[in-house]
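As structure tokens, the structure follows; a few thoughts come after it.
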Amino acid sequence: MHQNFEEQMQGMKTQLIQLSTLLRLLDSGFCSYLESQDSGYLYFCFRWLLIRFKREFSFLDILRLWEVMWTELPCKNFHLLLCCAILESEKQQIMEKHYGFNEILKHINELSMKIDVEDILCKAEAISLQMAQCKELPQAVCEILGLQDSEVTTPDSDTDENVGTPCPVSAFPSSTLPVVAASEAKEDSPAQTLASPNACRLTPA
């Protein structure tokens, strides 16, 4: 985490770019809305990334969260998927109430101590599992999440070509969490579908 506190803040810049890449793949419509409100750089997530959510959760909850992140499972940069899960949970309110730059920043800051840590862990893991099962993910996303090429492509036995397979349907029937459509998740045209599979497997120590 020391990169977060270097003078040039390169670590923070990199994480914000990576978060933007993931969020755009998951929900390009929400990203477009944020851009229209001068919030496309996701600076309102700065505090989350800088000290890994320390101000957002109680002491016991942050220990739980950090313990999961320290395992580096289920994927690399899992904390970025936690950000995506929180933002997806707040998307409807932000968009329906037409929040602008200041309102978005205020709303995100006021989430402190109000986020359900188990719910966010569950949703973030669901996104991770969905990503791992999807084919033809953009290379940038594979690198961010530490997915190898063999994990995201499946050669067809007859044609020896890589074939995309659909991602599973959501385990969150009431959720609006979108995820990538396997055969359509290109860099230029990120897809949106329903959310991800039964994934609440991160059990407390």
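One table, with the values for the structure above:
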{"item": "Surrounding net charge for W66, when Lys and Arg each add one and Asp and Glu each subtract one, Cβ distance under 11 Å", "result": "+1"}
{"item": "Descending principal axes extents, segment 32-134, alpha-carbon based, whole Å", "result": "37, 35, 21"}
{"item": "Descending semi-axes in whole angstrom, ellipsoid equivalent of segment 1-86, from the Cα gyration tensor", "result": "22, 16, 13"}
{"item": "Gain in span if fully extended, S112 to E67, counting 0.36 nm per residue against the direct Cα distance", "result": "14.3 nm"}
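FYI, it's all coordinate maths here, none of it is from the lab. Worth saying up front: this structure is predicted, and the values here are computed from it rather than measured. Backbone-built Cβ (ideal geometry, glycine too); neighbour counts: all protein chains shown.
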